[in-house]
Amino acid sequence: MLKLLALLGLSTLLWWSALWLLIPVHWQQLSSTVMLLLHLLPPIMLTVLVQLWRLRQQRQEQTAAQAQADAEAAAQQERRDAARTQHQAALHERQQTIACRWLWGQALPQRDEPAWLAALPDACQWSVLTAEEVAEGAVLDSLQASVADALLALYGELPGAAALPLLLEVLPQISGIEQVGRMRELQQQAWFSAQGDVSQPDSDCRFLPGSGPLAERVLSFLAQDPTLPGVVVLAADAPRALLDADEEPDSHTRQHWRQLGRPGAAVVLMLFLREGLLAAEGHAPAAGADPYQPYWERSAIAIPAGWGPVPASAQAALSALPVLACLAPSSGTALAQQGTLQLTRQLQALLDNALVNAALLDYPFSEEDARPQDNRADSVAWLVHNSGDVEVGGARLSAIASNLTRHQIALHPIDEACNLVRDWGDVGAATSAMLAALAVTHCARLAAPAVITQFHHDHAALAVARPACKENTL
């Protein structure tokens, strides 16, 4: 307002000065009305025009500012949407799971047989070895009968599994060529015993890539060949066969036993299949169908792809297998310190990530995307771990129990848990498969998730086995 009045006053002063001093006007010929308008109207009109121009400039500036603000908001929203899409894609990648559909396990218990062996779910077979059955000598020689029994049980019940790749855990005591050769021979013998003169499907026998927890290694192998419907994992080792019964263990050996358990033996055979596989329907004409009808007028028969080398006659038996459990990728880290408090803090992030990977813990992009109903961590009902014997595993088990309590997981870390070290001992190269097989068994038995905690030297990894996959993730 002050600027407007100042403009009016200045324009009036300038106009009157020009009117009286510069512009020749015959005032005697003008009426008083014209003279008044001549003095007042031009300054007022100039002031109004200037004010209108200023208002127009302000509107243009406001429009430009609003357009810039809208553009910045749109760009911000676009970046936010891109970040949300990236977050969801990364979360989907993390939550890939692999379904275990059949399991065969045999191991040497360190104490009494576990009570859960008397109530096993379907497609889940367990038995125990005796100390006499694990003879001293070469590992493969001592476990040859158990491996043969496992393959015979698989090929006898599921012939189509012979067409799937057989993935082995590496035995450090023998050469890889010898191990693969022996396993191929046992495959052929098991197939001949189960199927007789029927020709054996061509399959690959190789080592399981990587090391550590089983789920991501199987997922990595299947990701390399999308045409494969699944794999068979075989892990067998017998550190007890290398133990000299007459030799007295020294202090270093006893400390090693307290950390990993006394030498044991185990054979684990697991069948993993992708989700969404259905047996191909037969091509026989339907009842009442016209055999002379042109093929382009017939209704198409949907034949799902993805079975790869598995014969059509064997697909129905494989697709009918129940899903024992879905293994989610693990979360691992190196353990910098072994104190109870420090270990609890390090395992906290591992458990959170493992629950997110298993879709049991909501991990939203923002608060408005949060879904509290997806938080089902408290449904975990079993713990599988290899924290060690009582003398060395107390801090580890305490750290695990503290983090389970933080998620309101009400399970007893002793009574509702499997300690591989105390129950089955040191199973060598079969440790990862044994932990996964135990988690799958209890997950299927209880119809509830199970947590897998694996320690290896100064490294720890946590994973979750859940009862059913959320979707087809491969």
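The values are calculated or read from the model by the stated rules, or taken from the named source; none is laboratory data. Everything numeric in this text was worked out from a predicted model, so none of it was measured. Ideal geometry is used to build each Cβ from the backbone, glycine not excepted, and the neighbour counts take in all protein chains shown. Note: accessible area is taken over every heavy atom of the protein model, side chains too, but ligands, DNA and RNA are not part of it. Shrake-Rupley method; radii C 1.70, N 1.55, O 1.52, S 1.80 Å.
For the stretch 394-437, the set of residues classified as touching a residue at least 12 places away in the same chain (Cβ under 8 Å) and farther than 21 Å from W116 by Cβ consists of A395, R396, S398, A399, S402, N403, R406, H407, Q408, D426, G428, A429, listed by residue number. Answer yes if at least one residue in the stretch 110-123 is open to solvent by less than 10 Å² (accessible area, probe 1.4 Å) and touching a Pro at 6+ places or on another chain (Cβ under 8 Å), and no otherwise. No, there is no match, as no residue in the stretch 110-123 is open to solvent by less than 10 Å² (accessible area, probe 1.4 Å) and touching a Pro at 6+ places or on another chain (Cβ under 8 Å). Within the stretch 84-115, the residues that satisfy the criterion of being closer than 25 Å to A320 by Cβ and out of contact with any Gly (no Cβ under 9 Å at 6 or more places or on another chain) are Q96, T97, C100, W102, L103, W104, G105, Q106. Remark: pairs (first residue in the stretch 31-45, farther than 14 Å from A18 by Cα; second residue not hydroxyl-bearing (S, T, Y); Cβ separation under 7 Å; 6+ apart in sequence or on different chains) = M35/W27.
Being closer than 25 Å to W102 by Cβ and in contact with a His (Cβ under 8 Å, 6 or more places away or on another chain) is not true of A461.
Listed conditions (1) open to solvent by 10 Å² or more (accessible area, probe 1.4 Å); (2) part of a loop (DSSP other than H, G, I, E, B) are all met by L397, apart from (2). Go through the stretch 124-143 and give me each residue that's buried (at least 19 other Cβ atoms within 10 Å of the Cβ) and hydroxyl-bearing (S, T, Y). Once the filter is applied, which keeps residues that are buried (at least 19 other Cβ atoms within 10 Å of the Cβ) and hydroxyl-bearing (S, T, Y), the stretch 124-143 yields only S142.
Scanning the stretch 186-196 turns up one or more residues that are surrounded by 13 or more Cβ atoms within 10 Å (Cβ to Cβ) and within 32 Å of the chain's Cα centre (by Cα).
Applying the set (1) more than 23 Å from A99 (Cα to Cα); (2) surrounded by 19 or more Cβ atoms within 10 Å (Cβ to Cβ) to R345 leaves exactly one unmet item: (2). Condition test on A194, is it under 30 Å from A460 (Cα atoms) and not β-branched (V, I, T)? So A194 does not fit the description; no. Of the listed requirements (1) in contact with a Cys (Cβ under 6 Å, 6 or more places away or on another chain); (2) open to solvent by 50 Å² or more (accessible area, probe 1.4 Å), T441 misses just one: (2).
Screening the stretch 42-73 for residues that are of a type outside the set (A, V, I, L, M) and touching a Leu at 6+ places or on another chain (Cβ under 7 Å) and picking the one that is farthest from L13 (Cα to Cα) gives Q51. Checked against the criterion of being assigned to a loop (DSSP other than H, G, I, E, B), touching a Ser or Thr at 6+ places or on another chain (Cβ under 8 Å) and either polar (S, T, N, Q) or at pLDDT below 90 (or both), the candidates E275, E281 yield just one match: E275. Evaluate the following for L120: is it under 17 Å from L438 (Cβ atoms) and not β-branched (V, I, T)? Yes: the conditions hold for L120. Can V421 be described as open to solvent by 40 Å² or more (accessible area, probe 1.4 Å) and either among the hydrophobic types (A, V, I, L, M, F, W, C) or farther than 30 Å from L129 by Cα (or both)? No; evaluated as a whole, the condition is false for this residue. Filtered by the rule that a residue be more than 28 Å from the chain's Cα centre (by Cα), of a type outside the set (D, E) and farther than 19 Å from T431 by Cβ, the stretch 84-115 gives a lone residue, A115. For the stretch 352-381, the candidate set comprises residues that are more than 19 Å from the chain's Cα centre (by Cα) and either of a type in the set (K, R) or open to solvent by less than 40 Å² (accessible area, probe 1.4 Å) (or both); within that set, the residue that is modelled with the lowest pLDDT is S366.
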